[in-house]
Structure formats: structure tokens, C-alpha cells
Amino acid sequence: MSILYKLFPRDVVRKILYKRVSDSAFKEYLKEKVPARRDEVINTEFIALDFETTGLDTALDSILSIGYTVIKNNRVILKESAYQIIRQDNNLQSSNVAIHQITDTQASQGVDLKQALDQLLLKMAGKVLLAHHADIELGFLNIACQKYYGYSLPVRVVDTLLLEKKRLQRRHAGFKSAQLRLFNIRMAYGLPRYKAHNALEDAVATAELFLLMLAKYCGQGKCRLKLFL
């Protein structure tokens, strides 16, 4: 699979996979064109996504909750937001519960990951994935897609952490890793504090930050998507 991504653009990979996979939410996702690097941001739809997980190891840990919202025409569309707790087979570690505030009872009553993933992929179709420290979301997302559909996901990704890191590096400004945390970057941009470690609230917070970055450095979105990938 990794060879395909090295040899072909994502939209070509999408077409190749569409011929290979059986009917599924993954195939429905593949019906929609992957946004092109040359597309204008204002004409591009984004899905701001956040996962709360039981840990950071994709081989050992699992997705605990999923939150997302949608950006269209440079606006956050809250009515297209969603939040789901994913059912867990094992009890959660108390140290993690103190962070994400999801109890064992809530986790035992959550939805099946495959069901949540199907819904997520249908909403992601034709959009750019937006996340803060996107390697986490992308890592767990691809592990789940490989498990249930057999392939990783051809997707464009914008990472607000990397955007801020590159901005600071261009200014030759020294910075600490803590400055790249979502709530600290929001404060630096004059955005209000919010309650971290809830997947939906983190997704909305990321969407708001991205739109402010866009307004500051790209006017009203009259620039190419490639500047942000």
C-alpha cells in the first residue's frame, strides 16, 4: 500500500482502490475526489477531527471517542458536528479517566468502532482532514481502516500544530514544545480558553484556530490548499 502512495498522487490511489474494494463505507468514501493541491482553500471543505485514545501506541491502544465538525466556505458548520464514545472491552486506566473524563460505564455503553468508522468515512468523503498533531488521528484512523477495509485512507491532511511550528521557524523564533499545544496556540492567537480533552470540543477548537490562521495569513482563503498541507 505504501508503494502506491509513493508512486501516485492521492486521487490516483483513490481510483485504484475503488476498483479493488468491496461495497462498504470505505468504497463510498473513495467515490469522492480527493481535493487537489491547487484547489483554493475557500472552495475546499474540511473535517476537523479529534480522537481521545486509551494511549498513544497505535499497536496497543484504541480509540476511545471521536469528535468532528465541518468547515465550508471558511465557516464552522456546527450542525454537521458529531461526538461518539467507542465501546471498550476492557476497563480504562484511572490515570486516563482523570484526563478525558470518560468512565468505564460510558465506555461499555459506547458504539462499535466499525459503526462509528463507517459514519465518519461517509462524512469525510471529498474533504481535507484537519487536526492538531494529526499524526495521532491519522495513525489510529489508518490502523482501523486497515483492520476493517484492508487499506489505509487516501486523504489530504492539514495539521495546525505543524502550521504554527513552521510559522515560528520562519521567524527564527525559539520555542518550547509546550507552545505548540492546542490551547497555548489558541491563547497566542487571542482565542478564548476551552475545556481540553473532549474530542468534539478539541475538534471545534482546532477548526476555530485554523480559520483564524487562514484569516491572518491568507486573507479570505484566496490561496491554494498546497500552502497548508
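Cβ screening of the chain for cysteine pairs under 4.7 Å finds these without a partner: CYS145. A full extension of the chain between GLU32 and PHE8 corresponds to an added length of 6.9 nm, given 0.36 nm per residue minus the alpha carbon distance.
Relative to one another, the C-alpha centroids of the stretch 99-156 and the stretch 157-229 are positioned 22 Å apart.
Looking at the chain, do any whole DSSP H helices span at least 24 angstrom along their long axis by alpha carbon and average -0.5 or above on Kyte-Doolittle, and which? Write down the numbers at each step before the final one.
Values: long enough: 199-218 (27 Å, 1.15).
Qualifying helices: 199-218.
Taking 27 Å as the limit for the C-alpha separation, the pairs LYS6/LYS147; LYS6/LYS79; LYS27/LYS165; LYS19/LYS123; LYS72/LYS226; LYS19/LYS79 exceed it in the case of LYS6/LYS79; LYS27/LYS165; LYS19/LYS79.
On full extension, the segment bounded by ARG193 and LEU122 gains 22.4 nm, given 0.36 nm per residue less the C-alpha separation.
May I ask you to order 209-217, 64-72 by the average number of other C-beta atoms within 10 Å around their residues, highest value first?
Values: 209-217: 17.3, 64-72: 23.7.
The packing order, highest mean first, is 64-72, 209-217.
State the antiparallel share, in %, of DSSP beta bridges confined to the chain, rounding to the nearest 5. Here the antiparallel bridges make up roughly 70 percent for the chain.
Report note on the peptides 48-61, 12-25: ranked by the mean count of other C-beta atoms within 10 Å, highest first, their order is 48-61, 12-25.
The tail of the calculated P(r) for the stretch 2-223, taken as Cα-Cα distances beyond 22 Å, holds 53 percent of the pairs.
Every read-out reported here was derived from the displayed coordinates using simple, explicitly stated rules and does not represent laboratory data. Keep in mind the model is a prediction, meaning the values are calculated, not measured. With ideal geometry, Cβ positions are generated from the backbone for all residues, glycine too; neighbour counts draw on all protein chains shown.
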